[in-house]
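What follows is a short report on a single structure.
The values are calculated or read from the model by the stated rules, or taken from the named source; none is laboratory data. Note that the coordinates shown come from a computational prediction; the quantities given were computed from them, not determined experimentally. With ideal geometry, Cβ positions are generated from the backbone for all residues, glycine too; neighbour counts draw on all protein chains shown.
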Amino acid sequence: MKLLQREQLPLIFIYLLQTATLLTLLWDQQNLWRLAYAGMISLFFLLLYLLIRYFFHRKMYAQLTHLPKSLDESIQMLDHSPLSHAVHQLVHKQYQLYQDQLLQTQKKVDDHLAFINQWVHQMKTPISIINLVLQENPDPLLDEIRHEIDQIADGLELILYISRLNDFEKDFQVKKLHLQTMIQRCVYENRRMFIKHKIRPKVQVPEDCFIYSDEKWLNFICKQLISNAIRYSSGKGQFVEFVAQEVGSNIQLFIKDEGIGIPKQDIPRVFNRYFTGENGRKQRESTGMGLFLVKEICKKLGHSISLTSEPGKGTNICLQFASSIHPYKKVRLL
């Protein structure tokens with residue numbers, strides 16, 4: 001009703017102005033009652049017009065007052081009045097144009113991601129061949145080349161996981177994992193990096209420690225955290241520790257390093273996209289995407305991640321997993 005009043009305010013103003021003008025021109029004390037009667041009839045017809053207009057357009061006014069919560073609600077037919085029908089056609093046409101533009105944009109994004117995935121897989125083939133050639137030649141002088149090849153492979157893997165993040169649900173398989181085996185495999189896969197930076201791993205995960213998660217995505221998380229721990233411990237720390245403990249119905253995994261630590265002002269932003277921080281600017285290899293991806297994947301897996309750090313003493317990252325199947329009852333299990 002308030003919208004109707006605001007919409008018809010010019011009409012009401014013109015009506016009052018017209019009525020006042022006519023009363024001024026036709027003023028006659030002998031016919032005063034006739035003028036009053038005519039004015040009342042005129043006011044009656046104005047109110048009748050406003051009521052009829054509101055009755056036929058009440059659904060349109062209600063929708064314009066209470067905005068829709070979804071696109072489907074916005075294109076619903078309101079009533080059969082000419083104005084409402086015209087508004088419905090306009091909104092429906094805008095909705096169609098929006099959907100067409102959205103589909104075109106989505107197709108461009110899908111084509112771009114398909115190209116990236118194809119390119120990454122094509123790049124993996126020569127890298128695998130180079131690795132095979134290097135394995136046949138144990139010359140220590142080639143260690144630096146092996147390290148650079150590993151860096152390229154990790155970069156390609158990072159690109160691949162970034163491109164798959166939006167379609168996470170299509171590649172999500174939860175199963176029961178032996179945490180100790182999982183950590184030992186991640187350490188073995190990063191063995192050359194441990195050796196190059198002279199860092200020793202210490203795995204203190206109980207034999208009977210099991211969690212529920214997606215093995216592939218969790219392996220990526222651990223590799224990113226291990227890579228950071230080693231990189232920022234090089235030349236300072238001696239160990240990277242993996243400690244697991246049970247807290248209630250959850251399992252907590254701590255990854256501790258003895259590296260340079262993170263400045264206090266950078267800690268709240270370390271999981272932000274593209275944030276490299278003070279330490280990252282000193283490391284040319286830092287992209288600001290590793291911890292961001294770890295945080296996003298943890299959210300999708302239902303895990304939590306937190307971080308504490310002290311400059312000069314190292315960083316401690318805590319991953320918390322569910323030790324029961326309950327949180328994953330609605331997802332695909334193996």
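Taking only pairs six or more apart or across chains, which ones have beta-carbon atoms under 6 Å, a first residue in the range 247-269 that is touching a residue at least 60 places away in the same chain (Cβ under 8 Å), and a second residue that is charged (D, E, K, R) and surrounded by 15 or more Cβ atoms within 10 Å (Cβ to Cβ)?
K256/E241
Look at A86 and say whether it is in a helix (DSSP H, G or I), at pLDDT 75 or above and under 30 Å from Q96 (Cβ atoms). Quick ask: steps written out before the conclusion?
Details: in a helix (DSSP H, G or I): yes; at pLDDT 75 or above: yes; under 30 Å from Q96 (Cβ atoms): yes.
For A86, the condition - in a helix (DSSP H, G or I), at pLDDT 75 or above and under 30 Å from Q96 (Cβ atoms) - is met.
Pull up the range 161-197, narrow it to residues that are modelled with pLDDT under 85 and aromatic (F, W, Y), then point me to the one that is nearest to Y232 (Cα to Cα).
Among those residues, the one meeting the criterion is Y161.
Please find, among Y212, Y232, Y188, the residue that is assigned by TED's automatic domain parsing to the domain that holds G288 and under 23 Å from P311 (Cα atoms).
Y232
Yes or no, residue by residue, for (1) surrounded by 11 or more Cβ atoms within 10 Å (Cβ to Cβ); (2) in contact (Cβ under 8 Å) with a residue 24 or more places away in the chain:
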{"residue": "D100", "(1), (2)": "no, no"}
{"residue": "H112", "(1), (2)": "yes, no"}
{"residue": "K124", "(1), (2)": "yes, yes"}
{"residue": "L134", "(1), (2)": "yes, no"}
{"residue": "F168", "(1), (2)": "yes, yes"}
{"residue": "M182", "(1), (2)": "yes, yes"}
{"residue": "Y188", "(1), (2)": "no, no"}
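Quickly run through the range 91-111 and pick out the residues that are modelled with pLDDT under 85 and either under 22 Å from F55 (Cα atoms) or among the acidic types (D, E) (or both).
V91, D110
Got a number for residues in the range 76-135 being among the polar types (S, T, N, Q) and over 20 Å from Q63 (Cα atoms)?
Step one: list which residues in the range 76-135 are among the polar types (S, T, N, Q), which gives 76, 81, 84, 89, 94, 96, 99, 101, 104-106, 117-118, 122, 125, 128, 131, 135.
Filter once more, keeping what is over 20 Å from Q63 (Cα atoms): 99, 101, 104-106, 117-118, 122, 125, 128, 131, 135.
Within the range 76-135, residues that are among the polar types (S, T, N, Q) and over 20 Å from Q63 (Cα atoms) number 12.
Pull out all pairs, ordered by first then second residue, where Cβ-Cβ is under 6 Å, the residues are six or more apart or on different chains, the first lies in the range 279-291 and is surrounded by 13 or more Cβ atoms within 10 Å (Cβ to Cβ), and the second is at pLDDT 70 or above and not aliphatic (A, V, I, L, M).
Listed by first residue and then by second, the contacts come to G280/S286; S286/T276; G288/Y274; G288/F275; G288/T276; G290/Q224; L291/F271.
Does the range 217-226 include one or more residues that are closer than 16 Å to G314 by Cβ, in contact (Cβ under 8 Å) with a residue 12 or more places away in the chain and not β-branched (V, I, T)?
Checking the range 217-226: at least one residue is closer than 16 Å to G314 by Cβ, in contact (Cβ under 8 Å) with a residue 12 or more places away in the chain and not β-branched (V, I, T).
Of all residues in the range 227-267, which are within 24 Å of the chain's Cα centre (by Cα) and hydrophobic (A, V, I, L, M, F, W, C)?
I267
Could you list all residues from the range 65-83 that are surrounded by 15 or more Cβ atoms within 10 Å (Cβ to Cβ) and at pLDDT 70 or above?
Passing the criteria: only S81.
Which residue pairs have Cβ atoms under 8 Å apart, sit 6 or more places apart or on different chains, and have a first residue in the range 1-16 that is surrounded by fewer than 10 Cβ atoms within 10 Å (Cβ to Cβ) and a second that is modelled with pLDDT under 80?
K2/T65
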